[in-house]
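What follows is a single structure, written as structure tokens, with notes after it.
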Amino acid sequence: MSATMTSTEPNHSLNQHSDRARELTALIHPSRFAERLDASLAASTVLQLQKTSRLQERLAELLLGSELVSRGSSWGRGALLGHDPHRAALLAGSIWHARSVLKLVSKHDLALLIGDIGAEAHTFAIRHISSAVETQSIVDPEQLSQRIKHDGYACLGAWLKQASELDRTRVLLCLPVGTAAESPTAEHYKAAGQLMSLVMTHFATETRPA
């Protein structure tokens with residue numbers, strides 16, 4: 001009995017490791033692979049590479065390094081507990097600019113904003129108006145949307161500094177190259193804890209993601 005268990009444990013560990021690598025590769029933003037492989041690669045080509053099972057572990061190692069990938073069996077759900085980092089950034093950014101969101105009352109302007117950031121982020125901003133950071137109003141819905149994304153990503157990046165290297169890298173790799181998550185400012189570091197705490201509390205009320 002013990003001999004059988006010993007012989008199957010390495011295979012189980014190897015399969016679990018490969019499964020984790022495949023899961024991660026599927027979530028990584030295509031621009032991350034293009035940046036490391038060839039910036040001129042078409043998005044369709046990168047997507048095809050991501051879906052090729054025999055390449056997925058090697059692609060994960062390309063971005064994370066073999067040492068971090070080898071620890072995949074103990075990854076857990078990560079800093080965001082398995083939730084979408086883009087969504088987390090939108091929620092944080094919506095609180096940052098909640099005052100401007102609240103003042104945007106034109107049906108046309110609201111439709112443009114909600115069409116870009118989503119109804120959830122809009123509602124979240126109104127709910128947490130007391131935690132808003134930005135005091136200067138932005139009246140243009142397209143500009144407001146861009147600032148929500150910028151400051152939201154920056155808050156996410158600042159908050160991730162407290163996470164482990166693996167958790168931080170896993171989240172950042174799911175985002176496109178060049179977002180503000182890669183270059184938060186002192187202002188974002190100051191506000192990130194409170195804003196992301198509200199975001200994580202919101203996530204905690206939901207059904208646990210698969």
Which pairs do you get when a residue that is open to solvent by less than 70 Å² (accessible area, probe 1.4 Å) and of a type in the set (Ser, Thr, Tyr), found in the range 116-132, comes within reach of a residue that is assigned to a helix (DSSP H, G or I) and at pLDDT 95 or above, reach meaning Cβ atoms under 8 angstrom, with the pair 6+ apart or on two chains? Ser131/Ile95; Ser131/Ala98; Ser131/Gln194; Ser131/Leu195; Ser131/Leu198
Unique match (being open to solvent by 30 Å² or more (accessible area, probe 1.4 Å), modelled with pLDDT of 95 or more and aromatic (Phe, Trp, Tyr)) among Tyr189, Tyr153: Tyr189
Residue check, Ala204 against (1) modelled with pLDDT under 95; (2) open to solvent by 80 Å² or more (accessible area, probe 1.4 Å); (3) over 15 Å from the mean Cα position of the chain (by Cα), all met but one. Which one? (2)
Name the pairs: first residue in the range 19-35 and among the hydroxyl-bearing types (Ser, Thr, Tyr) and surrounded by fewer than 19 Cβ atoms within 10 Å (Cβ to Cβ), second residue at pLDDT 70 or above and outside any helix (DSSP H, G or I), Cβ to Cβ under 6 Å, at least 6 apart or on different chains? Ser31/Pro176; Ser31/Val177
Could you please find all residues in the range 99-114 being assigned to a helix (DSSP H, G or I), out of contact with any Asp or Glu (no Cβ under 9 Å at 6 or more places or on another chain) and open to solvent by less than 70 Å² (accessible area, probe 1.4 Å)? Val101, Leu110, Ala111, Ile114
Name the residues in the range 56-95 that are surrounded by fewer than 16 Cβ atoms within 10 Å (Cβ to Cβ), modelled with pLDDT of 70 or more and more than 30 Å from Gln136 (Cβ to Cβ), would you? Arg58, Leu81, Gly82
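The values are calculated or read from the model by the stated rules, or taken from the named source; none is laboratory data. Nothing here was measured: the structure is a model prediction, and the numbers come from that model. Backbone-built Cβ (ideal geometry, glycine too); neighbour counts: all protein chains shown. Heavy atoms of the whole protein, side chains included, go into the accessibility calculation; ligands, DNA and RNA do not. Shrake-Rupley method; radii C 1.70, N 1.55, O 1.52, S 1.80 Å.
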